[in-house]
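Right, one structure below, let's go through it.
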């Protein structure tokens, strides 16, 4: 399935707003704090060569966590009214394809194609947008498959961390709403 193209809004300020949301969400994933919320000491930074020596489940889990972080951060912007819900497809298009000089962003997110990235990211964002913030930890744990991880101690940290991360994203909604109201 090919990634949909943006809705065609020609309003430069709307495109700018969507790009700003994408930039903010992606930038937030590069910080240590969200990863620490989820039980990591800091954001994992392993090069492609080193990844081959790590357990495959850890590499796959970290890609999944990155994707879910993006979905939750995007959801915060939707819930706060920074972007309307009907712009989710446009934001997903940017995540999947990049924009301007940044192309093939889907590869950075661990997808094999934009056609794979777009429906998965769209479904992820909608899963959180349609859930109450109190249910976000449950949705996150389920989408990550945290209960089935081979390392049970790490799984327990991730499950507990999911509640912390979701609570912080919910607090982010409040901060974003205040900025929209300025």
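FYI, it's all coordinate maths here, none of it is from the lab. This structure is a prediction, so every number in the text was calculated from the model and none was measured.
Laid out as a table, the results:
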| quantity | calculated |
| --- | --- |
| Cα-based helix-to-principal-axis angle, 152-181 vs the chain, degrees rounded to 10 | 20 |
| Span from the segment 27-43 Cα centroid across to the segment 130-182 one, whole angstrom | 13 |
| Per-q log10 I(q)/I(0), segment 46-137, q = 0.23 Å⁻¹ (Debye; single scatterer per alpha-carbon; no solvent) | -1.16 |
| Label assignment, Cα Rg over 2.2 N^0.38 Å derived from the structure, set (1) 1.08; (2) 1.01; (3) 1.39 | (2) |
| Helix 88-97 vs. the chain, principal-axis angle (Cα, 0 to 90°, nearest 10) | 70 |
| Additional length obtainable on full extension of the chain from residue 164 to residue 147, 0.36 nm per residue less Cα span | 4.4 nm |
